[in-house]
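Step one of this worksheet: look at the structure below.
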Amino acid sequence: MQIPYTVEARPDTGLPNPKLGIWLFLASEVMLFGALFSSYILLRVSAPAWPHGYQELNVPLATLNTVVLIASSVTMVMSWAQLKMHNLARARMYLWLTVTLALVFLVVKFFEYGSHFAAGEYPEHSTFLAIYFTLTGLHGLHVLGGVIVNSYLAGPGAAMWRTEPEQYTNRVEVAGLYWHFVDLVWIFLFPALYLL
Amino acid sequence: MSGSGGEDIKHHVKVYKAVFTGLMVATVITVGVSYMRLAVLLAVTVAMIVATVKGSLVAAYFMHLKSEKPAIFWLLMLTASFWVLLMFIPVLMHLDSFEIQAQR
């Protein structure tokens, strides 16, 4: 059975179902991260004293990760652009580049977490570290999710290009929307946690 | 992305590269300003303005919101209104705690 509206737009919404689906999911994600961001503000303004992020955390490493994640957003959108130009090989190369950059981000985060744990700085150490680990941990899980989806699309999932090129292009676009959202969340987390 | 023919894609690629440069410049500004050790309120304002500009660039160009269908726009407006409400909760609770302290 053919699933309807995977490529063509539904007459009532004017959008293919995957596009509307990912935006509804992202709307729920906005509320998820929004609730945690709101908690961060509440904890910070209610605390008698709050450390500056740059005193507690590694700003150069986080800056590197910001550059890495923004670069990965560019490679992701370039992958979609290559598919639009009917160049699967280059699209897959950009997808693998996105996966590599995401793994670089996670490795840097691993070392960052490692240095905290080595110093005995666990979430229970302070309210600041508790919200820091919660926000960056949840974000890290989203990065991991992106690695899994993009690896599938660059690897076995790319077989769809031979039979359903438009549907495959849409899948990459939808995965890209998710990935750019992950980048967008980091763009706000970076100054809020590390620089203020 | 709606309304993107193959002919437009090369132009899009140029735009993506320009946006990448803009995001890099904005990152340098964010980090640079943080080293100026401004007062907290000013530092928060500057950091959030730069982050909003960066986020808008990502949403408008990489996520193609600039040319997206109205259904997505209205969905996001609804989400944004709830998000703003969510951000006001800490402010209201903070004001409430001030009032309780003032009554004591």
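Where a number appears in this text, it was derived from the coordinates with a stated rule and is not lab data. As the structure is a computational prediction, the values presented were derived from the model and not from experiment. Neighbour counts are summed over all protein chains in view; Cβ atoms, including those assigned to glycine, are modelled from backbone coordinates with ideal geometry.
Can you give the mean number of other chain Cβ atoms that lie within 10 Å of the Cβ atoms in peptide A:16-22? List each step's numbers first, then the result.
On the way: counts 1, 0, 0, 7, 4, 0, 1.
So the per-residue partner count for this stretch is 2.
Using only Cα atoms, tell me the angle between helix A:17-46 and the longest principal axis of chain A; keep it within 0 to 90° and round to the nearest 10.
Result, in degrees: 10.
How about the stretch B:23-76: which trypsin sites (Lys or Arg not before Pro) there lie in a loop by DSSP and see at most 12 other Cβ atoms within 10 Å?
Values: sites: B:Arg37, B:Lys54, B:Lys66; in loops: B:Arg37.
Filter output for the stretch B:23-76: B:Arg37.
Nearest 500 deg cm²/dmol is fine: what mean residue ellipticity at 222 nm does chain A get from its DSSP H runs of n ≥ 4 alone, each adding -39,500 (n - 2.57), divided by its residue count? Don't skip to the end; give the middle numbers.
Details: 7 runs with 148 residues, N = 196.
Calculated at 222 nm, the ellipticity per residue is -26000 deg cm²/dmol.
Quick one: how many lysine pairs does the protein assembly as shown have with C-alpha atoms less than 21 Å apart and a gap of 8 or more or different chains? Give me the count, please.
Pairs that pass both the separation and distance tests number 14.
Would you mind checking the stretch A:154-196 for residues with the amide N under 20 Å from a putative spin-label position 7 Å along Cα→C-beta of B:Tyr35?
Of the residues in the stretch A:154-196, A:190-196 have backbone N under 20 Å from the label point off B:Tyr35.
Provide the gained length on full extension for the span B:Leu95 to B:Ala80, in nm with one decimal, where the gain is 0.36 nm per separating residue minus the Cα-Cα distance. Walk me through the numbers on the way to the answer.
On the way: separation 15, 0.36 × 15 = 5.40 nm, distance 2.29 nm.
Answer, rounded to one decimal: 3.1 nm.
Got a sec to turn the phi values of the stretch A:164-179 into Karplus ³J(HN,Hα) couplings, 6.51 cos²θ - 1.76 cosθ + 1.60 with θ = phi - 60°, whole Hz, x for Gly and Pro?
Result, rounded to whole Hz: 10, x, 5, 5, 5, 4, 5, 4, 5, 5, 5, 4, x, 4, 4, 5.
Can you list which of the chymotrypsin sites (Phe, Trp or Tyr not before Pro) found in the stretch B:20-90 are DSSP loop residues with at most 10 other C-beta atoms within 10 Å?
Working: sites: B:Phe20, B:Tyr35, B:Tyr61, B:Phe62, B:Phe73, B:Trp74, B:Phe82, B:Trp83, B:Phe88; in loops: B:Tyr35.
Passing sites in the stretch B:20-90 are B:Tyr35.
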